[in-house]
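Shown next, in structure tokens, is the structure this report addresses.
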Amino acid sequence: MGMLGGFAAMLLVPLLSGLANASPDLGLDISIDYVTQNNPNVLSSANMVGSATSDLQGAIGGFQISRFNGSTSLIVSGEALVSLVGNITVNVNEVLRNISVVASQRQTAPSCMFGSMNSTIDRAFVALDQAGSLISRIQTSTSALNSDALTSWLMMIQTAMQDVTTYLDTLYKEVSAVLAAGPLSSSTVTTNIKPATLFNLAGAISVVTTAEKGLVTTVRSIRTAFEQANNILQTYSNDLTNAVTAVNNTQRDYYNQVVSRINSYQGKVTSETGSAISDITNTLSRLNPFIQDSVTRTNAQSLNATITTTTTSITTNANIFRNNLQSQMTQLYTAAEGFVQYNVKALIPLIDSSTFKLATTMSVGGINANSCRDRYGGAITNLENNMREQLQRCFNDYANTGYTDSFISEYNQVIREQTRSIANRINFCLGLGSTTSTNIIKAGISRCLSETVALAQTLMNDVGFQTKLVVAMINLESLATVQRVESCSAIMNHGLVAKATTLDTLLATCQTTNQ
């Protein structure tokens, strides 16, 4: 590639200073066969670079692989294909474009026209030297047939470019000999510039552009296969995203259900305890006169204190119940969500793996590609749908907070019945007479009030026990709910993992056997 050394260029400058006028061929003021005329000629061959470049750019223009998680190989291969075509259309074809300039009519001395060639040729061969590495990256995602075709076309281009360099070297020496021979004439041109040089140069250029035309077909084939693979990744990525979104929506709905249940349960407990406290405290207005009476004062005062203690105990137990209810149901949601998300995260890589295998089948573009897609593409969709539907079922069927409804009702019934018994007993006692009744009757009322104090204490002890019991039942039911969700998720996970593993095997087999 040292055909245009600095010394030769300096030697030609004084010889060519008078030739800066219109130059039909090679910067020489004379027509030369096989440069711009006859067939083949250098100019017409070099001018084919325009359509070759356009076709290659059209084959790769706008091509882009989406960056899906895990699709690294396809991304690398796609980028390598774009780089390979770019190296040819920019660097290799710049040499041919320069030859077109040299061969065409220009008002430029030969040394100036030939002088720009060296750096252009160097860049072209640097680009061609990179072709092997780029093809290796493309090979990972394309068929052996396409890979071999790429290699063949690039080898043809490289060999032809070496011939172009050789004939340019020879041509430059022959042009230099013409200038050194004295006055420019047809005789000096015929003597020093051999038609074979020009003929062979034109032929070598034609080989380059012909190989590029063939390369266009291969590039389009690879691009089509890559885009099919990309479309598969896009479709199934969207489907998977939608499936995960559906699971997350179910989780959000479940969370809203839990919050609604907590608010509803707490509202019911608050309402029941409020009614219970009102029933008991409403008796105070009737009790107060007996506190003033000497016969009933002691036991009436005791009952008055017991009413205060009872209402405080009702409130305390209700708060314990409400707080435990909120804590347990929140933990229930957190645990159920944890199991579901764990299985989602475990399944996504497996579904991705099947998707990428199918995409690889399509990008390789083998004879079984379309058949494998038609045969097993739906199976990937089924995996995604099954994941969504079964995880939703785990939530809806096994994490239903409605299981706790009976516990809440039982607790409210305990509060209602026990506190109603206390209020009814007080009203019964106070209904036996009044402060104006005989001392015997008032003594009976006093004894009734004393027994009511003991009854209230016994019943409130029972309320405390029932509160602990119901809280324990809710805790156990929450644990059982979490275990149901865990089992449901695990069963679903094992089933889908088995299906995904089988699908991977089937896809691998399909690539080679179409079975």
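Observations
- Qualifying residue in region 305-327 (condition: surrounded by fewer than 17 Cβ atoms within 10 Å (Cβ to Cβ), out of contact with any strand residue (DSSP E or B) (no Cβ under 7 Å at 6 or more places or on another chain) and in a loop (DSSP other than H, G, I, E, B)): no
- Counting only residues that are buried (at least 16 other Cβ atoms within 10 Å of the Cβ) and farther than 30 Å from Leu287 by Cα, region 452-474 holds 3 of them.
- For region 102-210, the helices (runs of 4 or more DSSP H) that sit wholly inside it and include 2 or more residues that are out of contact with any Pro (no Cβ under 7 Å at 6 or more places or on another chain) and aromatic (Phe, Trp, Tyr) are 144-180.
- Every residue from region 128-181 that is under 30 Å from Asp29 (Cα atoms) and among the hydrophobic types (A, V, I, L, M, F, W, C): Ala160, Met161, Val164, Leu168, Leu171, Val175, Ala177, Val178, Leu179, Ala180, Ala181
- Per the listing Leu449, Leu430, Leu496, Leu503, the residue uniquely farther than 23 Å from Tyr254 by Cβ, modelled with pLDDT under 80, assigned by the TED database to the domain that holds Thr281 and crowded, with 17+ Cβ neighbours inside 10 Å is Leu503.
- Qualifying residue in region 69-78 (condition: at positive phi, at pLDDT 75 or above and either touching a helix residue (DSSP H, G or I) at 6+ places or on another chain (Cβ under 9 Å) or surrounded by 18 or more Cβ atoms within 10 Å (Cβ to Cβ) (or both)): no
- Residue match in region 136-144 (condition: among the basic types (Lys, Arg), over 53 Å from the mean Cα position of the chain (by Cα) and open to solvent by 60 Å² or more (accessible area, probe 1.4 Å)): no
The values are calculated or read from the model by the stated rules, or taken from the named source; none is laboratory data. Keep in mind that this is a model prediction, so the values were computed, not measured. Because the Cβ atoms are built from the backbone with ideal geometry, glycine has one as well, and the counts that use them run over all protein chains shown. Just the protein is used for accessible areas: all its heavy atoms, side chains included, with ligands, DNA and RNA removed. Shrake-Rupley method; radii C 1.70, N 1.55, O 1.52, S 1.80 Å.
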